[in-house]
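A short write-up of the structure that comes next.
FYI, it's all coordinate maths here, none of it is from the lab. Since the structure is predicted, the reported quantities are computational estimates derived from the model, not experimental observations. Don't worry about glycine lacking a Cβ; one is built from the backbone with ideal geometry, like all the others, and counts go over all protein chains shown.
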Amino acid sequence: MHCVKKITDDLVWVGANDRRLAMFEGVYSVPDGVSYNSYLLTDEKTVLFDTVDKAVRERFLENVAFALDGRPLDYLIVQHMEPDHSAVIEELLDRYPGMKLVCNAKTQAFIKQFFDMDVDAHIVKENDTLNTGRHTLQFVMTPMVHWPEVMVTYDSTDKILFSADAFGCFGALNGAIFADEVDFDKDYMDEARRYYTNIVGKYGAQVQSLLGKASVLSIGMICPLHGFVWRKGLSGIISKYALWSSYQPEENGVMIAYASVYGHTENVAEILACRLCDKGVKTVMFDVSVTPSSGIISAAFRWSHLVFASTTYNAGIFVSMEEVLSDLVAHNIQNRTVALIENGSWAPASGGLMRGKLEKCKNIRILAETVSIKSSLKTSQLSELDAMAQAIAAELMPQKPDAAPEKKDAGVIDSAVMFKLTYGLFVLTAKDGGDDYGCIINTATQITASPLRISIAVNKANATHGVIQKTGAFNLSVLTESVPFEVFEQFGFHSGKGKFAGCSYDDRADNGIRYVPEHTNGVICGTVAEAYDYGTHTIFVADVTQAFALSAEPSVTYQYYFDNIKPKAPKQKKKGFICKICGYIYEGDALPPDFICPICKHGAEDFEPL
Ligand code: FEO
């Protein structure tokens, strides 16, 4: 018997659930099953979006026949050729001989590989459209989210994004089809994260590209190939994808993953967890021999700090830990702080080997000190665990001020407090005849939504200021965290026109004024409505005439610029002595003759001046 769900007046879910599948793709456990989503659009033409896995073909075929209600099937859009979505293509062609396949060229090649048949498909390219009556479908190529042939489809009539694997989730659908019908954050977010990180976690750049393309579409609903349909709270799941695909942690805290044969390594991991919790640090723990690798990958994407503790096994890393680490490296984990613990009764080696694996990852900072135990932890080594906990906690917990801040007298103005305000950074551009102008500003604010108005404060010393005063028009390009210092040199530190000399781009908004398409996430075009003279600066209040997104990257803040982009002044050379054996530095004018290196225990004779 058919089992379908209505999505809109002319869109029906005709997919099916599988709760008997143990291992999705043969590698990911799915204790709550999985859904294979397919959607039928009943416009003047009938359109099916993808098929399902062969395990549920019977229910799917019943559903399609019921939803068609005797009508022919005109189109099958194949967005993804992985067999969990394409297994029934050949059978559909047999049942509905008038059906036309719609796919891209890569998909057509894959169809021949999987089915050994030639199909006369309607081949589509980026932004091609298909009109089916009331609906217009636009095709957007999203290679490697999750295979190279993947594309998504945008129904510009009903503002629906058919998102292929993106925005999917493990778990069968238990009656509800919309994410807002369940407590998604509480009951499903962990599985959505495990799905994302394991299925497309490796392809962060490609997911960012998809998010960039999606950001210029007006999307009211997302229909993925697994899990729930999103019709409310889309920004929540989209912002999770923006975070996950940038490899930034979701939460500050520590994930400890350990491999322990007889419990001694586990004991060290647990003591460390207790020390961390005592310092107020959130901590989660996994035994890598029990928790599947996919769960640990997911947790590693969630938490900011990772601790790996492994016994040495066959002179290497313990087998299940080796699998987890290889998987993490393969999934491109980045931007984390890592601490290592090793155990080895006669030749501890796992610490160095784990370090060697993780060093291949981008922006992974591994604490220098590995805690190394032989068989079991001794009291004398508790201080090493304390030091590890302290080093991690120091990064995660806000530092308490040494003393209560001094109370200021009434009327005192500390101008440094102005830096505590939150600012962004923008390239402000204008045009005077054939000349383009630009400068950096940090003061742009939305004033009202209706009418949509913004204000900018511009220093009169900038040539761009004079041009805006004269022409009354400007563009604001919102800079992102990836912006290199050179952009500030280009636009911020030179005066006059010619800021774009040598630029490889010449992108202009509808007002003919240039904008900056690189390291920016959006452009706002303004026409000046009012101007206020404030001595050194003019505040321009402007109506927004155009605004468009360029990427999903986070906007850069003034603080981020100072902390991460602006080059630091060279540090004063320290006075002191360095241990020639281990590199320990003793700071001071004179090294005591009886000094012993606290790291390698060598004496003063093995030190030399810095
Ligand atoms: Fe659900 Fe990449 O297939």
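Is the shape of the range 70-171 rounded, prolate or oblate, going by the alpha carbon gyration tensor and its root eigenvalues a ≥ b ≥ c, with a/c under 1.5 for rounded and a/b larger than b/c for prolate? Mind dumping the intermediate values first?
Values: a/c = 1.44, a/b = 1.08, b/c = 1.33.
It comes out rounded by the Cα gyration axes.
How many nm is it between the label spots at ARG20 and ASN335, if each spot is 7 Å from the Cα in line with the beta carbon?
Modelled inter-label distance: 4.3 nm.
Rounded, prolate or oblate: pick one for the range 1-145, where a ≥ b ≥ c are the square roots of the eigenvalues of its C-alpha gyration tensor, a/c under 1.5 means rounded, and failing that, prolate if a/b is larger than b/c, else oblate.
oblate
Mean Kyte-Doolittle of at least -0.5 plus a Cα span of 20 Å or more along the axis: flag which DSSP H helices in the chain meet both, please.
Membrane-span-like by this criterion, though nothing is claimed about a membrane: 264-278, 382-396.
In nm, to one decimal, how far is the modelled label at SER375 from the one at SER156, with both set 7 Å along Cα→Cβ?
Label at SER375, label at SER156, 7.4 nm between them.
Give the percent of DSSP beta bridges with both residues in the chain that are antiparallel, rounded to the nearest 5.
Details: 82 of 120 bridges.
Around 70 percent antiparallel, to the nearest 5.
If you take the square roots of the eigenvalues of the alpha-carbon gyration tensor of the range 109-241 and sort them as a ≥ b ≥ c, do you get rounded (a/c under 1.5), prolate (a/b over b/c) or oblate?
Since a/c reaches 1.5 and a/b is larger than b/c, the shape of the range 109-241 is classed as prolate.
Could you rank the peptides 87-94, 66-73, 42-49 by their average count of other C-beta atoms within 10 Å per residue, with the highest value first?
42-49, 87-94, 66-73
Rank by packing, highest mean first: peptides 158-169, 228-239, 556-567, with packing defined as the count of other Cβ atoms within 10 Å averaged across residues.
158-169, 228-239, 556-567
Under the 0.36 nm per residue contour assumption, what length would be gained going from the current alpha-carbon distance of GLU489 and GLU395 to full extension? All intermediate terms of the calculation are to be shown ahead of the outcome.
Values: separation 94, 0.36 × 94 = 33.84 nm, distance 3.14 nm.
Once the chain is fully extended between GLU489 and GLU395, it gains 30.7 nm.
Using the structure shown, select from LYS106/LYS357; LYS186/LYS232; LYS213/LYS566; LYS100/LYS240; LYS125/LYS159; LYS470/LYS499 the pairs with a Cα to Cα distance greater than 27 angstrom.
LYS106/LYS357; LYS213/LYS566; LYS100/LYS240
Could you give the dipole magnitude of the range 102-146 about its Cα centre, charging the beta-carbon of Lys and Arg +1 and that of Asp and Glu -1, in debye to the nearest 20? If you can, show how the numbers build up before the last one.
Working: 4 positive and 5 negative charges, 32 e Å.
With only Lys, Arg, Asp and Glu charged at Cβ, the dipole is about 160 debye.
Counting only helical runs of four or more DSSP H residues, what would the 222 nm mean residue ellipticity of the chain come to if each run contributes -39,500 (n - 2.57) and the total is spread over all its residues?
Helix-only estimate at 222 nm: -7500 deg cm²/dmol.
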